[in-house]
Amino acid sequence: MASPSLAEAAVLRNVSGFSFSAAAGPLPDEVAADVAAACRAGRGSVLSLPFTSPAFRALQEETEACLRRLLAIPDRFRVLFLAGGASAQFALLPLNLLGTARQASYVDGGHWSRRAIAEARRYAEVSIAVQASGRIPDVGEWRVDPRAAYCHVTSNETADGLQFRELPVLPVPLVADMTSDLLMRPLDFARLSLVYAGAQKTIGTPGLTLVIVDERLLGRARPETPRVMDYAAQAAADSRLCTPPVFPIFVAHRMLHWIEARGGVAVMAEAARRRSDAVYAALAEGAGTYVMPVDRASRSHVNPCFRLADEAQTALCLQAAEAAGLHDLRGHPDVGGVRVSLYNGVADAAVDALVAFLRAFARRHGLRAA
Ligand SMILES: *Cc1c(COP(=O)(O)O)cnc(C)c1O
């Protein structure tokens, strides 16, 4: 083989150490090895598996069945395997769900809510049910427009480190962007009408977006909705109206079975709580060095975010972390600071190394009382 190109070299540079990237969750070693083995050359490789084959149908059915078991999805919900990323859903939700209504209600909890709101405003009259900045107001304080076709919430604000630990009971259908916490918490589908998530953070690899939708919401799409983006049309065609994202479905299949073998979503939720508690405890111990902007009860179990008390130390902290093999900790560009992402595939050893680093950095560089 030829020597690696610049792009390949850039990917290969960070093979040692641990990634805490918010944008992509690591695959557990066993899953990655299994996927790599399936990417062989020639016939029978997952890379050229025809979506029309019985083998792919079986793969999709098993993936859906495992997802249904893990999340206890009721029969009246349909599972769609779509492309286009979670961001495509920001437009597809109003296109598919408004029906004869014009209004949609959105919770503004941070960066991703605002992206969803901006896109929905192109199609709907959007009102803000509640603003959650660093703290989630009690549901009694929410103002959900009763005319709204649905109310949208971003269950875990990936960029801000704020998580809706409990989803509310609302008088209109609740729609949740769960791109950064699907399969990291149990769900109560009595409260939910639609859940969607890009797969790249908690379920595997980019290219697949899951939409889990109550069939009572189907059939309301605006006539100009692209057919391949019409939930009812895709549901009727078992998500095979066009070529579904075969490879990421294969990865999701392996990842879901890995989660199930470990005891399921309750075990993942407990691990997320334990790991984020360890990170928050280290941050609290270094209170002179670190500042946690999110109220304790609303802190994410998935993406702990913090700032340095002396903002000028942010670059130093990130550099020292890199040197210690702890990568991809820079906060979201719109938010700044430092962000830790603890998706299902992150190894315990990575969390232990990070916690030790946070303690050592606070000891060495902490602000000392004058
Ligand atoms: C990452 C993220 C998105 C964007 O996902 P894409 O698949 O890149 O469109 C949307 N919502 C949340 C909560 C995210 O964390």
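The values are calculated or read from the model by the stated rules, or taken from the named source; none is laboratory data. Everything quoted here is computed from the prediction, not taken from an experiment. Counting neighbours? That spans all protein chains shown, and the Cβs are built from the backbone with ideal geometry, glycine included. Only protein heavy atoms, including side chains, enter the accessible area calculation; ligands, DNA and RNA are left aside. Shrake-Rupley method; radii C 1.70, N 1.55, O 1.52, S 1.80 Å.
Assorted remarks:
- Rounded Å value of the spacing that divides the Cα centres of region 218-249 and region 286-308: 40
- FRET efficiency for residue 311 and residue 166, using Cβ-Cβ distance with R0 set to 35 Å, rounded to 0.05: 0.60
- Student exercise, region 177-273 dipole from Lys, Arg, Asp, Glu Cβ charges, in Debye to nearest 20: 100
- Inter-site label distance for residue 359 and residue 216 at 7 Å from Cα along Cβ, in nm: 5.1
- For the chain, carbon and sulfur atoms together expose 54% of the accessible surface, with a 1.4 angstrom probe and every protein chain in place.
- Efficiency of FRET from Cβ geometry, residue 47 and residue 147, R₀ 51 Å, rounded to 0.05: 0.60
- For the pair residue 133 and residue 260, label points projected 7 Å from Cα toward Cβ lie 4.5 nm apart.
- From its DSSP helices (H runs of at least four residues, each -39,500 (n - 2.57)), the chain gives a residue-normalised ellipticity at 222 nm of -11000 deg cm²/dmol.
- Phi-derived couplings, Karplus 6.51 cos²θ - 1.76 cosθ + 1.60 at θ = phi - 60°, listed residue by residue for region 272-286: 5, 5, 4, 5, 5, 4, 5, 5, 5, 5, 5, 5, 5, 4, x Hz, with x used for Gly and Pro.
- Integer Hz, Karplus 6.51/-1.76/1.60 couplings in order for region 108-118, x for Gly and Pro: 9, x, x, 3, 6, 4, 5, 5, 5, 5, 4
- Sum of side-chain charges, residue 126 neighbourhood, beta-carbon under 15 Å (Lys, Arg +1; Asp, Glu -1): +2
- Full extension of the segment from residue 191 to residue 30, taken as 0.36 nm per residue of separation minus the current Cα-Cα distance, would add 54.5 nm.
- Along the axis of the charge dipole computed for the chain (Cβ charges of +1 for Lys and Arg, -1 for Asp and Glu, origin at the Cα centre), the listed residues 126, 113, 153 are led at the positive end by 126.
- Whether the chain is rounded, prolate or oblate, judged on the alpha carbon gyration tensor where a/c under 1.5 counts as rounded: oblate
- Convex hull projection area averaged over all views, region 18-164, Cα basis, nm²: 12.3
- Part-to-part distance (alpha-carbon centres) for region 16-69 and region 340-364, which is given in Å: 28
- Highest average first, the peptides 35-42, 283-290, 339-346 ordered by how many other beta carbon atoms sit within 10 Å of their residues are 339-346, 283-290, 35-42.
- Compared with the direct C-alpha span, the chain from residue 240 to residue 319 gains 23.8 nm at full extension, assuming 0.36 nm per residue.
- Highest average packing first - 111-117, 314-320, Cβ atoms within 10 Å: 111-117, 314-320
- What the phi angles of region 143-157 give under the Karplus curve with 6.51, -1.76 and 1.60, with θ = phi - 60°, is a coupling list of 10, 8, 4, x, 7, 5, 5, 6, 10, 9, 9, 9, 5, 9, 7 Hz, glycine and proline written as x.
- Selection among 353, 324, 101 by position relative to the dipole of the chain gives 101 as farthest towards the positive end (Cβ unit charges, Cα centre).
- Accessible solvent surface per residue of the chain, calculated while the other protein chains remain in place, 1.4 angstrom probe, Å²: 44
- Packing-based ranking, highest mean first, of 190-199, 347-356, 101-110 given that Cβ atoms within 10 Å are counted: 101-110, 190-199, 347-356
- Annotation: the antiparallel percentage among DSSP beta bridges lying fully within the chain is about 55.
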